[in-house]
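Colleague: Please find one structure pasted underneath; my questions will follow.
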Amino acid sequence: MVQSTTTTDSIDWVTICALDAIAPNTGVNALVGTEQVAIFRIGPTDEVYATGNFDPFSNAFVMSRGILGDRQGVLKVASPIYKQNFDLKTGVCLDDETVSLPVYSVRVVNDQVQIGTSCQMRH
Amino acid sequence: MPNSKQTLVVVGNGMVGHRLLELMVAKGALDHWHLITFCEEPRVAYDRVHLSEYFVDKTAADLTLVEPGFYQDNGIRIYVGDRIVEIDRQQQRVTSANGVEIAYDRLVLATGSYPFVPPIKGNDTPGTFVYRTIDDLDAIKAYGAQSRVGVVVGGGLLGLECANALKSLGLDTHVVEFAPRLMPVQLDETGGDVLKEKIESLGVQVHTSKVTTEIVSENGKLVSMQFADETSLQTDMIVFSAGIRPRDELARSCGLQLGDRGGVVINEACQTSDPKIYAIGECALYQGRIFGLVAPGYQMAEVVSDQLLAGTTAQQFTGADMSTKLKLLGVDVASFGDNFAKTPGAKELAVTDTVAGTYKKLVVSADGKLLLGGILVGDAAAYGTLLQLMQNQMPLPTNPLSLLVPVSGGAAALTMDKLPDTAQICSCNNVSKGQLCETIREDGITDLPTLKKCTTAGTGCGGCVPLVKDILTSELKKAGVEVNNHLCEHFPYSRQELYHLLRVGEIKSFDALLAQYGTGYGCEICKPTVGSMLASSWNDYVLNTPHVGLQDTNDSFLANIQKDGTYSVIPRIPGGEITPEKLIVLGQVAQEFDLYTKITGAQRVDLFGARVDQLPLIWQRLVEAGFESGHAYGKALRTVKSCVGSTWCRFGVQDSTSLAIELELRYRGLRSPHKLKSAVSGCTRECAEAQGKDFGIIATENGWNLYVCGNGGMKPQHAILLATDLDKETLIKYLDRFLVFYIRTADKLERTSTWFNKLEGGLDYLKQVIIEDSLGIADELEAQMQYHVDTYQCEWKTTIETPEKVRRFSHFVNADAADPSLAYVQERGQKRPATEAERVVLNQSQDALTTPVQ
Ligand code: SRM
Ligand SMILES: Cc1cc2nc3c(=O)[nH]c(=O)nc-3n(C[C@H](O)[C@H](O)[C@H](O)COP(=O)(O)OP(=O)(O)OC[C@H]3O[C@@H](n4cnc5c(N)ncnc54)[C@H](O)[C@@H]3O)c2cc1C
Ligand code: SF4
Ligand code: FES
């Protein structure tokens, strides 16, 4: 059985881009393996989050182009097409809990943004 | 078991019959009853009370009372355009004109009434009408179109409303009343006189004490009417509005008990002399009285639904209040309670103001402590309060006349808290203060529209709306809820307040505004709103770092996003004028990037299906050819449409195309609370549809007429005329002022039409601000616009010249590939996005890149 909870140690970190390549309070879309991953930079301390770029409501790959913000303190991104909101940390849709985006590990090391990929995800 | 259900047949699908069915459904009757109704008119129940609005701005569809799907979804059978012609009480069976036969367990007569036409010679001549149904109004409208003069026979409530309608059709209008004054049932002599004077000042001739003896026609065409006093009146058409008579013909033929002068006799349970048959609404006679208003009819419907469902504990009908408040030809008239002071010892207090044309009378008890009734003409603002004082027998102030001076000051006005919970606030729908308060508390309602929807209060004649609003405000205050117009959870200010703070503090970024006046991180509501306010104030390039994250995706990629995540491109084509060379470039670009091409509804060309990474390349080509951003993506000026105007058109009186181009270039890029559209027409034929725009200009022999606050879209509204015969300089001055005033004061996503509708003081106020500069801000408004004009830049030109900005347009931050998920098929020689089904087929040949991660 493959372990379902990955620890930091078992994650491979892939460098995507410099933090500067993401304008403050916006997102970019990255190609990670074969997947489209939306990476967001938010807030005065440049927190970063990553979710799938696929918008389950419009079926288009657009999440990275959504507006960032918070609802009652929960950091979120609004789909640019029909405006549903998703929790950046969990990926859960705040307007319909039955829907969620996949979330990815993401970190900034030496001003480089890295996405964590598990062996499972890379096949 | 469906067969154990009983059958209820409702004869008549008017206001009251329909209300009964709604109540039955709401009270869960469908488990026990089959509901069937016959509707004689060719359309289902509609709002007869607001019938006259059909002449103003309402369509038959607007007037309907039936929620879409109401009959189908609830399994109610309705026979539209069919009427019951026979009731067999022995067999408990009804038969319709179309031959439908139905057995009933209970039958309800809700057949309403018909207009009384006095027995005058010639009363059936073509050109004579009555005023009761939409069909009647259609007939009046059609005939009115070819008439010059119209007469209404009857100076009561309905007659005056009808006169208003004739006037609105542009007819020279007269009212002929048999009694010595107008509205003899509701008004006393002074009240009638004041009303008559007011109405005559509006251009409607009033003839009282006139008995019509003959209607004269020549060659089959109505020409005049003859009166008993030997005088006569020339006219082309006549509408009878001389009272109503109950439609009791069915009841009569099946032998139910009727009143001496007609009407189906009912008891407290609204039962007729046959207990299986009920009668409600205007056909019913209770204690010798017909109730010609909708509220008592609704009460009867309530009683019957209760009788059928609750049995013995049911409510009873005990008569109804006939107080009324109306606006007749724009004149407020109200009459309530013991209006003629018939109570023994009653005293009258009256104030007549012949200058303002108002008359207000109170009838008070002998000891001066209680209000018994009253009459208000010309200003009925106090009606709601007075009615409550009377109905709840609340003590009067020592000087009752203080109740009649304008109530807005509120000194003498009644505070909502003093009203008992049982006070009936909405008489049309029988909603009490207690019910309103309970709904506000339990459903956490904070706005008037929701409260109206949840309680139905205020949805009838609308007369109680001010009271409903007061109750809402007072309840919310008590609950400590502030009725807020805050932008969102991040800013405890309205857009208008924030705009002011931003300008006064010269705040130039969202973060600075948030730090000073807000909390949290912001959201998709406040960010674009503030982005727009910053842009209209300081006109910075919207993709600059502090602003880019504020923009909706359309603004942040300077194009309209499509459902598949690609974009459409609309270059500006000022005034719709374009050279053949430029047209060719558009064609070439579309060909080269394989873009679906369409002429838009606003005189320009849209190129669809551009991938985000293609946008800068496309714009490179367009900018080289002299195009600039069309801002079709922004809440900004869109287009100034134009007609061809005097340069080519044989009717044109001014050069509309040149003006349109000039205006479009002046206001291009102007960001505003919502999009702004405009048009210029070269003559009154109005080919550019300027009267449907946020600002529209129509040429006259002497200059330009300026219209503002019009709108197509979801709720079309005609623009209003702000100023006439302007020269171009003045026109532009007014436009600058108007646009900046709107930008500063409107709410987020509020078009000019909605903004105007909420503007206190309406057109007069707008004229004062824009033309007379009553606020003394005209210079400031003009300066703000001039700043915009001077600092304009084409966002696309700036973008393609800034490599760092161009990089944002790649689909992947770390790869050159395009979005691999896009899929197209061909249709009519161009591409279009594949449907889900088509994608499945196309996808089979593609790799896993296109499938989302699960
Ligand atoms: C392209 C066009 C339709 C066409 O093929 O002709 C169009 C397309 C859209 N319109 Fe429109 N409107 C277009 C002319 C109109 C017109 C006609 C006109 O401008 O003369 C109207 C009615 C006039 C008016 O606005 O007063 C119109 C009333 C609307 C409305 C309703 C606005 C309202 O106040 O009720 C919306 C919704 C909104 O803005 O919130 C809307 C919104 C939209 C959006 C932006 C919807 C969206 O958010 O995706 C559409 C973008 C389509 C796309 O994918 O690019 N569109 N839209 C037209 C572009 C005109 C242009 O050259 O800029
Ligand atoms: C212009 C105008 C303005 C008004 N303004 C006000 C106002 O401001 N305030 C107010 O309270 N009231 C007002 N009224 C009065 C109000 O409209 C009526 O009180 C209300 O419509 C009565 O409802 P009802 O259901 O009894 O009758 P109706 O609404 O007339 O409905 C009766 C329906 O039954 C149908 N019918 C009759 N016989 C049969 C049959 N045998 N088979 C099938 N169908 C049949 C009729 O065709 C009709 O559609 C106004 C009326 C008019 C005409
Ligand atoms: S009418 Fe609706 S569907 Fe058509 S273009 Fe406008 S917004 Fe799109
Ligand atoms: S009293 Fe008529 S709507 Fe409330």
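The values are calculated or read from the model by the stated rules, or taken from the named source; none is laboratory data. These figures come from a predicted structure and were not determined experimentally. Positions of Cβ are generated from backbone atoms using ideal geometry, with glycine treated the same way; all protein chains shown enter the neighbour counts. Side chains included, ligands, DNA and RNA excluded: accessible areas come from the protein's heavy atoms. Shrake-Rupley method; radii C 1.70, N 1.55, O 1.52, S 1.80 Å.
Colleague: To the nearest Å, what is the center-to-center distance of the stretch B:265-280 and the stretch A:32-100, using C-alpha atoms only?
Modeller: Computed from Cα coordinates, the inter-centre distance equals 64 Å.
Colleague: Here's another thing I want to ask about it. Among DSSP bridges having both ends in chain B, what percentage is antiparallel? Round to the nearest 5.
Modeller: 65 percent
Colleague: Given the peptides B:380-388, B:64-72, B:195-203, arrange them by the average over their residues of other C-beta atoms within 10 Å, most packed first.
Modeller: Packing order, densest peptide first, comes out as B:380-388, B:195-203, B:64-72.
Colleague: Also, I was wondering about something else. Report, in debye and to the nearest 20, how large the dipole of the protein assembly as shown comes out about its Cα centre when Lys and Arg carry +1 and Asp and Glu carry -1 on their Cβ.
Modeller: 560 debye
Colleague: Need the C-alpha centroid separation for the stretch B:808-832 versus the stretch B:22-64, integer Å.
Modeller: 51 Å
Colleague: Can you tell me which aspartates and glutamates have their Cα less than 16 Å from the Cα of B:Lys758? Leave out same-chain residues fewer than eight positions away.
Modeller: B:Asp447, B:Asp694, B:Asp747, B:Glu750
Colleague: Give me the percent of the accessible area of the stretch B:438-582 that comes from carbon and sulfur atoms, probe 1.4 Å, all protein chains in place.
Modeller: 50 percent
Colleague: Would you mind checking B:Lys210/B:Lys327; B:Lys5/B:Lys27; B:Lys196/B:Lys453 for any pair whose Cα atoms are more than 26 angstrom apart?
Modeller: Correct reply: B:Lys196/B:Lys453.
Colleague: Can I ask one more? Would you tell me the accessible area of B:Trp704, worked out with a 1.4 angstrom probe on the heavy atoms of the protein chains, in Å² to the nearest 10?
Modeller: 20 Å²
Colleague: Of all DSSP beta bridges in the protein assembly as shown, what percent run antiparallel (nearest 5)?
Modeller: Given both bridge residues lie in the protein assembly as shown, the antiparallel proportion sits at roughly 70 percent.
Colleague: Report B:His486's accessible area, 1.4 Å probe, all protein chains in place, as a number in Å² to the nearest 10.
Modeller: 60 Å²
Colleague: How much of the accessible area of the stretch B:636-794, in percent, comes from carbon and sulfur atoms when a 1.4 Å probe is used?
Modeller: Roughly 49 percent, rounded to a whole number.
Colleague: For B:Asp747, B:Asp511, give the ranking by accessible area with the largest first, probe 1.4 Å.
Modeller: B:Asp511, B:Asp747
Colleague: On to the next question. Would you check the accessible area of B:Tyr824, probe 1.4 Å, heavy atoms only, in square angstrom rounded to 10?
Modeller: Using a 1.4 Å probe on the heavy atoms, I get roughly 60 Å².
Colleague: Which length gain, in nm to one decimal place, applies between B:Lys715 and B:Leu842 when the Cα-Cα distance is subtracted from 0.36 nm times their residue separation?
Modeller: 41.7 nm
Colleague: B:Tyr792 to B:Leu30: FRET efficiency via 1/(1 + (r/R0)^6), r the Cβ-Cβ distance, R0 60 Å, to the nearest 0.05?
Modeller: Result of the calculation: an efficiency of 0.45.
Colleague: How large are Rg and Dmax for the stretch B:636-794 when only the alpha carbon atoms are used, in Å?
Modeller: Radius of gyration, then largest Cα-Cα span, for the stretch B:636-794: 14.6, 43 Å.
Colleague: Sum up the charges of everything whose Cβ sits under 11 Å from the Cβ of B:Lys635, counting Lys and Arg as +1 and Asp and Glu as -1, but leave B:Lys635 out.
Modeller: It works out to a net charge of +2.
Colleague: To continue, here is another question. May I ask which residue of B:Gln588, B:Leu550, B:Tyr517 lies farthest towards the positive end of the charge dipole of the stretch B:469-589, with charges of +1 (Lys, Arg) and -1 (Asp, Glu) on Cβ and the Cα centre as origin?
Modeller: B:Tyr517
Colleague: Quick one: Cα centre-to-centre distance for the stretch B:419-471 and the stretch B:213-240, in angstrom?
Modeller: Centre-to-centre (Cα) distance: 48 Å.
Colleague: Moving to a separate point now. Within the set of other residues whose C-beta is less than 15 Å from the C-beta of B:Ala783, count the net charge using Lys and Arg as +1 and Asp and Glu as -1.
Modeller: -2
Colleague: With axes computed from alpha carbons, what is the tilt in degrees of helix B:294-310 against the longest principal axis of chain B, rounded to the nearest 10 within 0 to 90?
Modeller: So the inclination is approximately 80 degrees.
Colleague: Next question, about the same structure. Using unit Cβ charges (K, R positive; D, E negative) and no other charged atoms, how large, in debye to the nearest 20, is the dipole of the stretch B:636-794 about its Cα centre?
Modeller: Result for the stretch B:636-794 is approximately 780 debye, rounded to the nearest 20.
Colleague: Going toward the positive end of the dipole of chain B, with +1 on Lys and Arg Cβ and -1 on Asp and Glu Cβ, which of B:Gln257, B:Val204, B:Thr422 do you reach last?
Modeller: Towards the positive end, the residue furthest out is B:Gln257.
Colleague: Out of residues 5 or more away from B:Glu214 or on other chains, whose amide H comes under 5 Å of its own, with H placed 1.01 Å from N in the peptide plane?
Modeller: Answer set, sorted by chain and number: B:Gln226.
Colleague: Take every residue in peptide A:18-27, count the Cβ atoms of other chains within 10 Å of its Cβ, and give the average of those counts.
Modeller: Per residue, the number of nearby Cβ atoms from other chains is 5 on average.
Colleague: Here is a further query. Accessible area lost on pairing A with B, both sides, 1.4 Å probe, Å² to nearest 100?
Modeller: Looking at A and B, the buried total is near 3000 Å².
Colleague: On full extension of the chain, what length is gained from B:Lys141 through B:Glu268, given 0.36 nm per residue of separation minus the C-alpha to C-alpha distance?
Modeller: Using 0.36 nm per residue and subtracting the Cα-Cα distance, I get 41.6 nm.
Colleague: How large is ³J(HN,Hα) for each residue in the stretch A:42-50, as worked out from phi by the Karplus curve 6.51 cos²θ - 1.76 cosθ + 1.60 (θ = phi - 60°), to whole Hz, x for Gly and Pro?
Modeller: Per-residue couplings from phi come out as 9, x, x, 9, 6, 5, 10, 9, 9 Hz.
Colleague: Now, a different point. Largest first and in whole Å, what are the equivalent-ellipsoid semi-axes of chain A based on the Cα gyration tensor, each being the root of 5 times an eigenvalue?
Modeller: Equivalent-ellipsoid dimensions as semi-axes: 22, 18, 13 Å.
Colleague: Considering only the stretch B:68-191, what is the antiparallel percent among its DSSP beta bridges, to the nearest 5?
Modeller: 60 percent
Colleague: For peptide B:538-547, compute the average count of partner chain beta-carbon atoms within 10 Å of each residue's beta-carbon.
Modeller: Counting other chains' Cβ atoms within 10 Å and averaging over B:538-547 gives 1.
Colleague: Same structure, new question: Residue by residue through the stretch B:102-110, which ³J(HN,Hα) values in whole Hz follow from phi under the Karplus form 6.51 cos²θ - 1.76 cosθ + 1.60 (θ = phi - 60°), with glycine and proline marked x?
Modeller: Ordered by residue, 3J(HN,Hα) equals 9, 8, 10, 8, 9, 10, 10, 8, 10 Hz.
Colleague: After finding the eigenvalues of the alpha carbon gyration tensor for the stretch B:34-82, what semi-axes result from the square roots of 5 times each, listed largest first in whole Å?
Modeller: Working from the Cα gyration tensor, I get semi-axes of 23, 12, 7 Å.
Colleague: Calculate the tail of P(r) for the stretch B:117-242: the fraction of all Cα-Cα distances greater than 23 Å, expressed in %.
Modeller: Summing the P(r) tail past 23 Å for the stretch B:117-242 gives 24 percent.
Colleague: Just to confirm a number: summing +1 for Lys and Arg and -1 for Asp and Glu over residues other than B:Thr450 whose beta-carbon lies under 14 angstrom from that of B:Thr450, what do you get?
Modeller: Around B:Thr450, the charge tally is 0.
Colleague: Right, another one. What residue among B:Met183, B:Pro42, B:Gly634 has its Cα farthest toward the positive end of the dipole of the protein assembly as shown, where the charges are +1 on Lys, Arg and -1 on Asp, Glu, each on the Cβ?
Modeller: The residue sitting most towards the positive pole is B:Pro42.
Colleague: Along the stretch B:600-608, what does the Karplus equation 6.51 cos²θ - 1.76 cosθ + 1.60 (θ = phi - 60°) give for ³J(HN,Hα), rounded to whole Hz, x for Gly and Pro?
Modeller: Karplus values, whole Hz, x for Gly and Pro: 7, x, 10, 6, 8, 10, 10, 10, 9.
Colleague: Report the rotationally averaged projected area of the stretch B:1-85 based on its alpha-carbon convex hull, in square nanometres.
Modeller: Over every viewing direction, the Cα hull of the stretch B:1-85 projects on average to 6.1 nm².
Colleague: How about B:Lys582: which lysines have a C-alpha closer than 28 Å to its C-alpha, ignoring those fewer than 8 places off in the same chain?
Modeller: Of all the lysines, those that pass the test against B:Lys582 - Cα under 28 Å, at least 8 places apart if same chain - are B:Lys598, B:Lys635, B:Lys641, B:Lys675, B:Lys677, B:Lys693, B:Lys797, B:Lys805, B:Lys831.
Colleague: Continuing with this model, one more query. With viscosity set to 1.306 mPa s and temperature to 10 °C, compute the Stokes-Einstein D of chain B, Rh being the Kirkwood radius across alpha carbon pairs; µm²/s, no decimals.
Modeller: The diffusion coefficient I find is 50 µm²/s.
Colleague: 222 nm [θ] for chain B, helices only, -39500 (n - 2.57) per DSSP H run of 4+, per residue, to 500?
Modeller: -8500 deg cm²/dmol
Colleague: Right, next: Give the Rg/Rh ratio for the protein assembly as shown, taking Rg as the radius of gyration of the Cα atoms and Rh as the Kirkwood radius, to two decimals.
Modeller: Answer for the protein assembly as shown: 1.03.
Colleague: In degrees between 0 and 90, to the nearest 10, how far off the longest principal axis of chain B does helix B:526-538 point, with axes built from Cα atoms?
Modeller: On a 0 to 90 degree scale, this one is about 70.
Colleague: Separate question: Could you do me a favour and compute the accessible area per residue for the protein assembly as shown, 1.4 Å probe, result in Å²?
Modeller: 45 Å²
Colleague: Taking each residue in B:512-520, count the Cβ atoms of any other chain within 10 Å of its Cβ, then average. What number comes out?
Modeller: The per-residue average across the peptide is 1.
Colleague: Amide H of B:Arg245 versus every other amide H placed in the peptide plane: which residues, excluding those fewer than 5 positions away on the same chain, fall under 5 Å?
Modeller: For B:Arg245, the qualifying residues are B:Tyr114, B:Phe116.
Colleague: What's the carbon and sulfur percent of the stretch B:117-242's accessible surface, probe 1.4 angstrom, rounded to a whole number?
Modeller: Answer for the stretch B:117-242: carbon and sulfur cover 49 percent of the accessible area.
Colleague: Could you compute the FRET efficiency for B:Glu780 and B:Ala346, with r as their C-beta to C-beta distance and R0 at 56 Å, rounded to 0.05?
Modeller: 0.45
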